[in-house]
1. Identify, please: which residue in region 326-351 is crowded, with 17+ Cβ neighbours inside 10 Å and in a strand (DSSP E or B) and is, among those, modelled with the lowest pLDDT?
2. Would region 542-561 turn up any residue that is surrounded by 22 or more Cβ atoms within 10 Å (Cβ to Cβ) and over 18 Å from the mean Cα position of the chain (by Cα)?
3. Considering only residues of region 569-613 that are part of a strand (DSSP E or B) and modelled with pLDDT under 80, which is farthest from residue 29 (Cα to Cα)?
4. Against the definition (surrounded by fewer than 24 Cβ atoms within 10 Å (Cβ to Cβ) and either touching a residue at least 24 places away in the same chain (Cβ under 8 Å) or out of contact with any helix residue (DSSP H, G or I) (no Cβ under 9 Å at 6 or more places or on another chain) (or both)), how does residue 247 come out, yes or no?
5. Every residue in region 583-601 that is surrounded by fewer than 16 Cβ atoms within 10 Å (Cβ to Cβ), over 18 Å from residue 374 (Cα atoms) and under 21 Å from the mean Cα position of the chain (by Cα), please.
6. Among 272, 287, 320, which is touching a strand residue (DSSP E or B) at 6+ places or on another chain (Cβ under 9 Å) and part of a loop (DSSP other than H, G, I, E, B)?
7. Tell me, yes or no, whether region 479-496 has at least one residue that is free of Cβ contacts under 8 Å to residues at least 40 places away in the same chain, touching a strand residue (DSSP E or B) at 6+ places or on another chain (Cβ under 6 Å) and within 18 Å of residue 394 (Cα to Cα).
8. Condition first: surrounded by fewer than 21 Cβ atoms within 10 Å (Cβ to Cβ) and more than 22 Å from residue 394 (Cα to Cα). Now tell me which residues in region 565-580 satisfy that.
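The values are calculated or read from the model by the stated rules, or taken from the named source; none is laboratory data. This one's a predicted model, so the numbers in the text were calculated from it and none came from an experiment. For neighbour counting, all protein chains shown are included, and Cβ atoms are generated from backbone atoms with ideal geometry for every residue, glycine included.
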């Protein structure tokens, strides 16, 4: 057996403690005499959830990067022309393909993509389309019309490989120069639904379906710009897999792989190719699927959509590979509300919150509950049952204002930790806006009257005063901060187009100004950290799609973070930007679930102890 020194050219170091862990330490092995163990710094690989596609489908193509991705085409109940753009948080609609198609090839970036071939059968189509970041235009036609085609490269330098047409399974390869397709040397093994990574001068083709020669193949071929050459096969035959990377550093994921489970079955498996060998990765997709869109690199990738074996998927998963243990942000389940309900209000901190009002059978509620960080207990009821109120403050000094009885109301109530008493009325009856500040220095902004509102009112503990309006009318938004430093984010404003508000606004005690930092995911009927600030806020849940999505704000940018266990809208929020609480929600069925958000410690390089088995 070869020794470590003969393989790596160095000896295993003998140390009394682990060395400084950074990229220079990766791959090294040492003996820690204090612990009596062999240690190493190895790369950590993991998949995590991302934002969901608006349209569940499979047979779609992908392009771009993990934070600037593109998914287009596909099929579910019908063939789609849909294009969606991904920003690392969520998907938004782009311009539609001119020809609806699925099982097509894709290449390029989010602002310079190429789509080619695809269904409908029997021969497939030969047309290509080019995307400029807003719309698709016609490109050059393939020489061979086909579907279930593999593709890679750039808009101006792409490969189309394999597939199927009227003659059957193909080995054909074509190269695109931005204008026209040229037939080049064929694959050694014909196949449909192969996966292609790399460039027009150095590519990798792997997997696919090639009856009658064994059906699903693990065969891998390397392209040098002129010829295909057989190289080491994958560990498991697969077709319809996702793939990203270069010819010498490729990531393969998912697909249909009967060699893993008997019968044609979708898989979660991930493999890595290093230019010589394939290795099975410990990282696996959370969702079994094939025929998804894959994009990114071999270390920072994404998978979107696909077929689960029983249904189309809209799930997106993100892949990251590095030397750090991520110690990520996390939502954890806590004590449930005593009464499941939606459209309720929330305020306070993670360990001392209050929820009030809402909607649950048989109708609008006057309920009030207090949270101690683990369980909810019944408090005295509101004087007036209502839902979708403005609210903020502390568990012992909270306020609610406005809301829907029905109709809209302007009533205010104050809570002293024991009971609710009536306060001064809002000047404008409205519902479904946001509150900030305290019981004696409060703020109510946006909401819905007979349309989305820009109204702002300040509360001094006894009366409300109208202040300068917001820049954008909205409802179903979230808010936090103080009366002189408030923050508004998310919301809806139909019939405007787009109807979901991405822009955030800051209030300085006099006027609202648009923040330069937009949220990543447009949505309404959301919740937020009511005890957050203009530089530390949390946004979670909402419509459309009863989302699980969470975003956090650090004063300079929004970032996607851990998803809730329960997708929901019309929920209540409490807590700070680093310690939020998600409360109830839903709209028949109603939820009683409570979840607490905790900020992770961030990436930390961690050595592993080597063991034998």
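1. Taking region 326-351 and keeping what is crowded, with 17+ Cβ neighbours inside 10 Å, we get 329, 331, 334, 337, 339-350.
Add one more test, that the residue is in a strand (DSSP E or B), and what stays is 331, 334, 342, 345-349.
On the way: 331: 94, 334: 97, 342: 98, 345: 98, 346: 98, 347: 98, 348: 98, 349: 97.
Once the filter is applied, the top-ranked residue is 331.
2. No - not one qualifying residue is present in region 542-561.
3. First, pick out the residues of region 569-613 that are part of a strand (DSSP E or B): 572-576, 579-586, 590-598, 604-605, 608-609.
Then drop every residue that is not modelled with pLDDT under 80, which leaves 604-605, 608-609.
Working: 604: 18, 605: 15, 608: 10, 609: 10 Å.
Among residues in region 569-613 that are part of a strand (DSSP E or B) and modelled with pLDDT under 80, the one farthest from residue 29 (Cα to Cα) is 604.
4. Values: surrounded by fewer than 24 Cβ atoms within 10 Å (Cβ to Cβ): yes; either touching a residue at least 24 places away in the same chain (Cβ under 8 Å) or out of contact with any helix residue (DSSP H, G or I) (no Cβ under 9 Å at 6 or more places or on another chain) (or both): yes.
Answer is yes for this residue.
5. Passing the criteria: 600, 601.
6. Numbers: 272 fails: part of a loop (DSSP other than H, G, I, E, B); 320 fails: part of a loop (DSSP other than H, G, I, E, B).
Answer to the selection: 287.
7. Within region 479-496 (the criterion being free of Cβ contacts under 8 Å to residues at least 40 places away in the same chain, touching a strand residue (DSSP E or B) at 6+ places or on another chain (Cβ under 6 Å) and within 18 Å of residue 394 (Cα to Cα)), the answer is no, since none of the residues qualifies.
8. Of region 565-580, the ones surrounded by fewer than 21 Cβ atoms within 10 Å (Cβ to Cβ) are 565-567, 576, 578-579.
Across region 565-580, the qualifying residues are 565, 566, 567.
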